[in-house]
Amino acid sequence: MTSPLIEDHALLSDQRTTALVTREGDVDWLCMPRFDSDALLCSLLGDDSHGRWSLRIADGEVLSRRYLPGTMVLETTWRSPTGTATVTEFLPIDADGSAERGPAGSSLAGDVDDHSELVRTVTCTAGEVDVVQQLVIRFEYGQAVPWVRRGEDRTGAGALIAVAGGDGIALHGPALRARGRSHHGRRRLAAGETVSWVLTWFPAWQEVPAAPDVDAALARTCEGWSAWLGQVRVEDEYAGPVARSLLVLRALTHRRTGGIIAAATTSLPEDLGGVRNWDYRYCWLRDAALSLEALLAHGHVDAAVSWREWLLRAIAGDPERLQIMYSITGNRNLPEQELSHLPGYEGSVPVRLGNAAADQYQADVVGEVMIALSMMREAGVEESRWSWPLQKALVRFTAARVDQPDQGIWEMRGDPAFFTHGRVMVWATFDRAVRAVTEHGLPAEDEELEEWTRLRDRVRAEVLEKGVGPDGAFAQAYGSAEVDASLLRIPRTGFLPADDPRMLATVARIEQDLRTEEGLLLRYRTRGQDGLTGHEHPFLVCGFWLVEQYAATGRRAEAEELLETLLACGNDLHLFSEEYDSRDGRMIGNFPQAFSHLGLIGAVDALAAAP
């Protein structure tokens with residue numbers, strides 16, 4: 001089976017979980033009820049036997065697809081020899097972002113994640129069409145074949161019910177018939193007729209939930225997304241991709257806990273056929289902090305406050321055991337394991353769950369968090385009772401490790417080093433702490449402020465002495481001859497202005513060593529120094545960072561040209577993966593990637609602010 005192109009997918013979200021659906025109507029990735037739950041549709045990383053839900057118009061072709069304006073509701077237009085149809089697909093949410101309700105508006109009992117739905121509606125718009133389906137449900141990433149039966153939900157309505165272990169699935173809608181270990185259906189529609197199917201996850205020990213009122217659920221879901229986007233400032237010639245990027249960041253944010261995941265998928269490869277396959281369905285402090293900066297820049301502070309509370313819960317009373325990432329609930333136990341039964345996307349193995357990078361020390365992470373929390377203060381968000389004590393604990397954490405090498409922003413699996421970007425972010429940690437006291441009047445003991453000031457000044461002097469190479473450019477790490485695209489982030493911290501000679505020299509090195517023939521940027525030259533075999537493709541966020549640098553230093557024409565090149569790496573829905581294979585013209589890596597989308601927002605904002 002040939003794997004569908006990553007860019008052929010659309011993202012659906014209810015801010016609790018996500019689904020990926022191809023242009024041709026295959027849902028090949030679905031985890032329920034949470035972003036990081038076991039997948040029950042998993043053919044993206046295998047084949048049909050690992051779970052897939054196909055819904056198409058017989059003998060039809062897709063004319064177009066789009067999201068309904070300001071939403072994550074997908075609409076696909078089909079044409080067949082006998083008629084046309086529109087397919088509307090979404091994961092329901094309420095207008096206020098709360099869980100979908102049961103019959104008569106009653107709240108569903110149990111855990112906040114006891115109910116999750118995927119709705120697929122088909123309307124024949126002209127002539128006649130046949131809707132054809134194949135449903136293969138496999139729990140636990142394709143390993144568990146469920147017990148499937150016809151039964152009734154709590155209201156007595158018929159449903160196809162599948163159960164394995166603690167997972168239950170109910171499919172409401174015109175019946176599908178068993179054929180081997182899958183279910184198939186064919187339904188003819190005439191012009192004006194509409195039919196819906198609703199796939200509902202529920203705990204296997206509970207009653208089967210009733211299907212929602214699809215029209216009401218669609219209206220509430222559209223209102224929920226568009227009302228949120230309406231609170232965000234989007235005024236630019238690039239309003240379309242910026243608005244979509246903001247919605248993606250929202251879609252990757254858990255609506256109850258406030259945790260922001262890095263991407264919707266696991267193990268979509270950075271190197272096709274290689275081993276660079278990682279699980280990104282967790283909350284990296286760095287990625288989330290940068291996402292908050294993008295949201296704050298567009299006037300949305302609710303997500304920032306929610307994430308700050310998530311951070312407090314995740315770190316809890318033990319900041320000395322700070323991790324770079326947590327689960328969406330703040331859990332820290334994310335052991336990395338391999339799913340040997342899955343052949344991987346285009347043969348890219350291993351397929352991984354969990355992420356061993358959770359145990360790494362990455363020196364930049366606290367600095368990113370401190371910058372984001374500083375931006376919240378600048379935006380007028382008041383400190384909560386515990387948010388400033390939390391920040392002081394983070395500063396103590398960094399102070400205790402001020403002389404410790406780390407694995408860097410790119411999570412190198414080779415030997416630790418003093419990565420220059422990380423050392424600048426250590427400086428930023430102390431700098432934001434000092435400014436919180438001296439500019440915002442937050443309390444600190446005199447000796448604390450003295451120590452933070454001393455460490456800030458010491459680290460700055462060290463970076464300027466050891467982080468700059470003989471050519472006057474910043475190096476990837478102390479003593480290294482390599483350069484790194486993360487160095488483009490230095491001006492954002494306030495460490496040096498974008499037009500400082502050392503930054504200009506760094507940009508020249510990046511252009512020489514990391515820019516591809518197509519104009520995109522690698523993160524760094526792999527050369528085995530990251531502890532892994534194989535290579536990777538241009539990293540999209542790095543290109544967006546270069547747009548910011550160009551815009552800040554008067555290279556506007558080049559910034560605009562590069563931005564257009566980068567925007568062309570997205571798909572027709574303005575969705576972006578982690579990397580892009582510019583030679584073959586295809587997306588690479590986990591999808592959609594928060595890093596890429598927040599980079600897009602930052603690049604457009606930088607261009608808008610440039611003279």
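Only the coordinates and a few stated rules stand behind these numbers; no lab work does. Quick caveat: nothing in here was measured; it's all calculated off a predicted structure. Please note: Cβ atoms are built from the backbone with ideal geometry, for glycine as well, and neighbour counts cover all protein chains shown.
For residue 51, the residues whose modelled amide H falls within less than 5 Å of its own, excluding neighbours fewer than 5 places apart on the same chain, are 42, 43.
Going through (i) 35, 28, 23; (ii) 43, 26, 23; (iii) 56, 40, 20, the figure that equals semi-axes √(5λ) of the Cα gyration tensor in Å as computed for the structure here is (ii). Karplus-derived 3J(HN,Hα) values for segment 40-50, using 6.51 cos²θ - 1.76 cosθ + 1.60 with θ = phi - 60°, are 10, 10, 9, 5, 4, 9, x, 9, 4, 5, 9 Hz; glycine and proline are entered as x.
Near residue 315, within a Cβ-to-Cβ distance under 13 Å, what is the net charge of the other residues, with Lys and Arg +1 and Asp and Glu -1? Value of the local net charge: +3.
Peptides 299-309, 150-160 ranked from most to least packed by the mean count of surrounding Cβ atoms within 10 Å: 299-309, 150-160.
Ranking 155, 606, 243 by how far each Cα lies toward the positive end of the dipole of the chain (charges on Cβ) leaves 155 at the top. Each peptide in 376-388, 34-46, 67-79 gets a packing score, the mean of other Cβ atoms within 10 Å over its residues, and the list from highest to lowest is 34-46, 67-79, 376-388. Backbone geometry of segment 379-384 corresponds, through the Karplus equation with coefficients 6.51, -1.76 and 1.60 at θ = phi - 60°, to 3J(HN,Hα) couplings of 7, x, 7, 6, 5, 7 Hz, x marking Gly and Pro. Applying a DSSP loop filter and a limit of 12 other Cβ atoms within 10 Å to the GluC sites (Glu not before Pro) in segment 429-473 leaves 439, 445. Taking the centroid of alpha carbons for each part, segment 479-497 and segment 1-32 are 36 Å apart. Here segment 152-194 is assigned +1 on the Cβ of each Lys and Arg and -1 on the Cβ of each Asp and Glu. Its dipole about the Cα centre then comes out at about 320 debye. Computed about the Cα centre, the dipole magnitude for the chain is approximately 1020 debye when only Lys and Arg (+1) and Asp and Glu (-1) carry charge, each at its Cβ.
Between residue 213 and residue 568, the C-beta separation translates, for a Förster distance of 56 Å, into a calculated FRET efficiency of about 0.85. Within the set of other residues whose C-beta is less than 14 Å from the C-beta of residue 143, count the net charge using Lys and Arg as +1 and Asp and Glu as -1. Neighbourhood net charge equals -3.
Computed packing ranks the peptides 561-572, 270-281 as 270-281, 561-572, most packed first, by mean other Cβ atoms within 10 Å.
For segment 194-221 versus segment 339-413, the inter-centroid distance based on Cα atoms is 37 Å. Suppose R0 equals 22 Å. What FRET efficiency, 1/(1 + (r/R0)^6) with r the Cβ-Cβ distance, do residue 49 and residue 152 give to the nearest 0.05? That pair, residue 49 with residue 152, gives E of 0.15. How far is helix 540-552 tilted, in degrees, relative to the longest principal axis of the Cα atoms in the chain, given as a value from 0 to 90 rounded to the nearest 10? The angle comes out at about 50 degrees. In order along segment 140-147, the Karplus-derived 3J(HN,Hα) couplings, from 6.51 cos²θ - 1.76 cosθ + 1.60 at θ = phi - 60°, round to 6, 6, x, 8, 10, 7, x, 7 Hz, and Gly and Pro are given as x. Look at the dipole of the chain built from charges on Cβ: of 455, 426, 137, the Cα furthest out on the positive end belongs to 137. Fully extending the segment from residue 403 to residue 466 would add 21.3 nm, taking 0.36 nm per residue of separation and subtracting the current Cα-Cα distance.
Here the relative contact order of the chain, from alpha carbon pairs under 8 Å that lie six or more residues apart, stands at 12 percent.
In the frame of its principal axes, segment 6-226 has Cα extents of 46, 41, 36 Å, reported largest first.
Among 311, 374, 288, which residue has its Cα furthest toward the positive end of the charge dipole of segment 272-391, with +1 on Lys/Arg Cβ and -1 on Asp/Glu Cβ? Of the options given, the answer is 311.
Residues 9, 50, ranked from the fewest to the most other C-beta atoms within 10 Å, line up as 50, 9.
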